[in-house]
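The values are calculated or read from the model by the stated rules, or taken from the named source; none is laboratory data. This structure is a prediction, so every number in the text was calculated from the model and none was measured. Don't worry about glycine lacking a Cβ; one is built from the backbone with ideal geometry, like all the others, and counts go over all protein chains shown. Just so you know, the surface numbers come from the protein's heavy atoms only, side chains and all, with ligands and any DNA or RNA stripped out. Shrake-Rupley method; radii C 1.70, N 1.55, O 1.52, S 1.80 Å.
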Amino acid sequence: MIFSKAGFGGAVADFEAAVVAQDAKRSGKAFVRLQETFGQAKEAELLDGGPRLAAVLDQVPPGPRAVVAVLVGACVERGADAERCAPGVRAGLRAALEAAAAFAEAWAATGGGPFPVPDAGEPGEETVERTGSDAAVGWWTLPQWEMAAVALLNHRAVRAGAGGDRGELLRLLTAVEQASGRQFRSLGHALQVLDDEPLVALHRTSGTGYALRFFGIGDNFQLHTLLADALIGGGHVAGRAPSPQEVAVCRETPGQVDTVGSFDLTAPDGGRLWNEGAPADIPVVDGVRLLVLDEPSYRRSWPAGRFFPGMRGDVILERALGPEETERWFAHVSPAKELTG
């Protein structure tokens, strides 16, 4: 009789071997042990286990596959190599999104109605009958795939390695969200995070312009605070500068600190860009994202921090634009539109 090694490392080895051998009974037992032993796993077991589990994800049945992906993401959050884990999780996420899109089509074709809310169990018999098992499981496990994918997308190297896949994943996610009416906001924002992205910011009141570059920004709340630090804190324009603590939590320090807005963020056409949005919402003009900074139209406060607590972000001021260059950029800008309603 062969006895398995104890602990998470032993459970990983058993699960890996059983999955490769397509031994359903043994893999089922090891699957339970993976979940039971993870909380007591040692660092070395996590560093080794994450990539090994990610490598066999495509051979795991769709239901438990999502749970294993969450474990992979948890291993990455505790130090496992995100780049080695990324291909397996990314492929699994794509398959789940494709299945969820098929679920949406089948649901509409069989009478529509409110989408079922995934719970901790499995899809009900009626749901499976309407859409098919694979499609139902894709929809049911999508929240778990969101957790796993975001854990990996916290890493800049993973975002860079995803390349054009991120656009396709975002397209699939958007289709699922539109059909279901449910938002997967963390995944959507993570897929849109920009790195080493050039930005021109025009300060309307002073008539000045600035070339900046940013990376790892999860939402426009974070961007807002870091822009205010670079431009107001740097002494380039007048206004309220955020405190060092407010800036630190928007870069990489854990936690949140209350802050107050310094600008209205405005698109070149005069429309408002809301803090709840993402930097990817900023329009591209002549190959560069162009943002107008207006005086705040009302006092707005929020907890400064990072949308993704595990993602380091920053905004870097490269240079102030000269008068002629600034004027050329302002030629693309319309007056700010008044808010209605």
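Mind giving me the FRET efficiency for LYS29 and ALA175? R0 is 35 Å, r the Cβ-Cβ distance, nearest 0.05 is fine. Walk me through the numbers before you get to the answer.
Details: r = 38 Å, r/R0 = 1.08.
Working from the Cβ atoms, E equals 0.40.
Report the gain in length on full extension from ARG300 to GLU252: 0.36 nm times residue separation, minus Cα-Cα distance, nm rounded to one decimal. Can you show the working numbers first?
Values: separation 48, 0.36 × 48 = 17.28 nm, distance 2.33 nm.
Length difference between fully extended and current span is 15.0 nm.
Within the chain, which complete DSSP H helices have Cα atoms spanning at least 18 Å along the helix axis and a mean Kyte-Doolittle hydropathy of 0.0 or higher? If you can, show how the numbers build up before the last one.
Values: long enough: 7-20 (20 Å, 1.23); 24-37 (19 Å, -0.81); 43-55 (19 Å, -0.05); 62-77 (23 Å, 1.29); 82-109 (40 Å, 0.47); 133-153 (28 Å, 0.67); 165-180 (22 Å, -0.12).
Result, helices passing both filters: 7-20, 62-77, 82-109, 133-153.
Once you put a point 7 Å from the Cα of ASP119 and another 7 Å from the Cα of ASP286, both along the Cβ direction, what distance in nm separates them?
Here the modelled spin labels are 5.8 nm apart.
Give the Rg (one decimal place) followed by the Dmax (whole number) of the chain, computed from C-alpha coordinates and expressed in Å.
Using the Cα atoms of the chain, the pair Rg, Dmax is 23.4, 81 Å.
In segment 203-341, how does Rg compare with the Kirkwood Rh, expressed as the Rg/Rh ratio over alpha carbon atoms? Could you put the intermediate results ahead of the total?
Values: Rg = 14.3 Å, Rh = 15.2 Å.
On the Cα set of segment 203-341, Rg over Rh gives 0.94.
Label point 7 Å out from ALA320 along Cα-to-Cβ: which residues of segment 187-216 have amide N under 20 Å?
Taking a point 7 Å out along Cα→Cβ of ALA320, the residues of segment 187-216 whose backbone N falls under 20 Å are 199-213.
What percentage of the solvent-accessible surface of the chain, computed with a 1.4 Å probe over protein heavy atoms, is contributed by carbon and sulfur atoms?
Details: 8410 of 16010 Å².
Of the solvent-accessible surface of the chain, carbon and sulfur hold 53 percent.
Quick one: check the C-alpha center-to-center distance for segment 229-283 versus segment 80-122, whole angstrom.
Their Cα centres are 34 Å away from one another.
When the gyration tensor of segment 116-268 is built from Cα positions, what are the square roots of 5 times its three eigenvalues, in whole Å, from largest to smallest? Provide the component values of the computation, followed by the final result.
Working: eigenvalues 308, 51, 44 Å².
Equivalent ellipsoid of segment 116-268: 39, 16, 15 Å, largest first.
In the full protein assembly as shown, how much of ASP196 is accessible to a 1.4 Å probe, in Å² to the nearest 10?
For ASP196, solvent-accessible area is about 80 Å².
Which residues' amide hydrogens lie under 5 Å from the amide hydrogen of GLY277, considering only partners 5 or more residues apart or on another chain, with H built in the peptide plane?
Answer set, sorted by chain and number: ASN220.
Remind me, relative contact order of segment 63-208 in percent, using alpha carbon pairs under 8 angstrom and six or more residues apart?
Details: 143 pairs, mean separation 46.0, N = 146.
RCO, segment 63-208: 31 percent.
Using the beta-carbon distance between SER133 and ALA21 and R0 = 22 Å, what value does 1/(1 + (r/R0)^6) give for FRET efficiency, to the nearest 0.05? Intermediate results must be reported in sequence, preceding the final value.
Numbers: r = 24 Å, r/R0 = 1.08.
The calculated FRET efficiency here is 0.40.
If you put +1 on each Lys and Arg Cβ and -1 on each Asp and Glu Cβ, how big is the dipole of segment 248-312 around its Cα centre, in Debye rounded to 20?
Working: 7 positive and 9 negative charges, 58 e Å.
Roughly 280 debye, rounded to the nearest 20.
In debye, nearest 20: dipole of the chain around its Cα centre with unit charges on the Cβ of K, R (+) and D, E (-)? Don't jump to the answer; show the numbers that get you there.
On the way: 32 positive and 44 negative charges, 100 e Å.
For the chain, the charge dipole is close to 480 debye.
When the chain is treated as a GNM, springs tying every alpha-carbon pair under 10 Å, which of ALA331, ALA80, ALA66 comes out with the largest mean-square fluctuation?
ALA331
Quick one: what does P(r) look like for segment 33-184 with 5 Å bins over all Cα pairs, in whole %?
Calculated P(r), rounded to whole percents: 2, 10, 20, 21, 18, 13, 9, 5, 2, 0, 0.
Of ALA69, ALA13, ASN220, which is farthest towards the positive pole of the chain's charge dipole, taken about the Cα centre with +1 and -1 on the beta-carbons of Lys, Arg and Asp, Glu respectively?
Of the options given, the answer is ALA13.
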